[in-house]
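For reference, the structure discussed in these notes is given below.
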Amino acid sequence: MWRYFAPAAAFLVLGALFAFALLRIGQGKLDVHEIQSPLIGRAAPAFALPSVTDPTQLVDSRALAGKMYVLNVWGTWCGGCREEHSALLAIARTGGVPLIGIDWKDERDLAVQYLAQLGNPYQQVGSDADGRTAINWGVYGAPETFLVSATGTVLAKHIGPITEAAWQEKFVPHLKAGGGR
Amino acid sequence: MSRWLVLVALALSSAGALAIDTEAAFPDPALQARYEHMIRELRCVQCQNQSIADSPVGLAADLRRQVKEMIAAGQTDADIKRYMTDRYGDFVLYDPPLRARTYVLWAAPALLVLITVGIAARVILCRSKAPIGPDPEEPA
């Protein structure tokens, strides 16, 4: 008897598995394109980039050491960055942690114009015109957002436009534990 | 017939030609071959179903530049792979390393063959023991 039901049972099990995965993708809990960053828990890569707002200045990771900061990789060419911009402005206002921007493979004029138009959430923005800093951070698509501890360890990463919910879930627990202020 | 042979020969030879770069990265054919091999081993993490040799996106170009510079600096293929996995994880390699997390992945083909052979053996044994004549289970 079992040989008649076994294929149907196998089909149902597979179907349930697929339905489970699809539902989680639909709810945004599972992103099949998301790559776990090997950087989490490791030292944040160093960088020194010319500032977008004042090219005579450097945005230097050594100068940022000693306090927690959020690193946001963006570009004026990036649609998801526009999408997350209001969330970034809100984080800058109330998050209690400085935002450092990395303008990835972009032109300075466009970046200055973009920030003037939409508002500037960043304490400092560096220009990574040749994309080398982004490679060191394992960035594969803007926007990406990292949290770096006071001792220079990468604590968290969010891929894609950041939202209030993602901020609360992935970043705020670290801020509370590590004293974001 | 010979026209077809020419076409096939052209198709085969083009596979080894420059992928997306407009000129060779190295004048030395040995280094160029290493470069071509490496960029086919690395996945474009942005587009995910192309190697960085095939992808037109900016990040793939940046990673090809990185591979080129590391080869020029005399680094080994292992150095380059480590550089990439340190930043992008094992996913960047088309050939995932054998480690605890990937045992299932590597064992899956052998397991599937074993299961298939097992089922086939059972079916063949059952059938060979069955009396010759019309299958009693099948409707006439």
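Shape descriptor for the protein assembly as shown: Rg over Rh equals 1.12 (Cα atoms; Rh from the Kirkwood inverse mean 1/r).
At what distance in nm do the modelled label points of B:ARG101 and A:GLN168 sit from each other, each positioned 7 Å from its Cα along Cα→Cβ? Roughly 3.0 nm, to one decimal. Is the C-alpha gyration tensor of the range B:19-96 telling us rounded, prolate or oblate? Criteria: a/c under 1.5 is rounded; beyond that, a/b larger than b/c is prolate, otherwise oblate. Cα axes put the range B:19-96 in the oblate bin. Fewest neighbouring Cβ atoms within 10 Å first, the residues B:TRP4, A:TRP104 line up as B:TRP4, A:TRP104.
Under 5 Å from the amide H of A:MET68 lie the amide H atoms of A:ALA150, each residue being 5 or more positions distant or on a separate chain, with H modelled from the backbone and absent for Pro and chain starts. Close Lys pairs in the protein assembly as shown (alpha-carbon distance under 21 Å; sequence gap of 8 or more, or different chains): 10. Counting every other Cβ atom within 10 Å of each residue's Cβ, A:THR151, A:THR76, A:THR163 order from fewest to most as A:THR151, A:THR163, A:THR76.
Between A:ALA116, A:ALA90, A:ALA16, the residue with the greatest mean-square fluctuation in the GNM of chain A (Cα pairs under 10 Å linked by springs) is A:ALA16.
Among A:ASP128, A:ASP54, A:ASP103, the largest mean-square fluctuation in a Gaussian network model of chain A, built with springs joining Cα atoms closer than 10 Å, belongs to A:ASP54. Among beta bridges from DSSP that stay inside the protein assembly as shown, the antiparallel ones total about 65%. Here, chain A is characterised by an Rg to Rh ratio of 1.13, where Rg is the alpha-carbon radius of gyration and Rh the Kirkwood radius. The 3J(HN,Hα) values that the Karplus relation (6.51, -1.76, 1.60; θ = phi - 60°) gives for the range B:36-45 are, in residue order, 4, 5, 4, 6, 8, 7, 9, 7, 6, 5 Hz. Gly and Pro appear as x.
Read the figures in this text as sums done on the coordinates, not as results from a lab. Quantities reported herein were computed from a predicted structural model and do not represent experimental measurements. Note: ideal-geometry Cβ built from the backbone for every residue, glycine included; neighbour counts use all protein chains shown.
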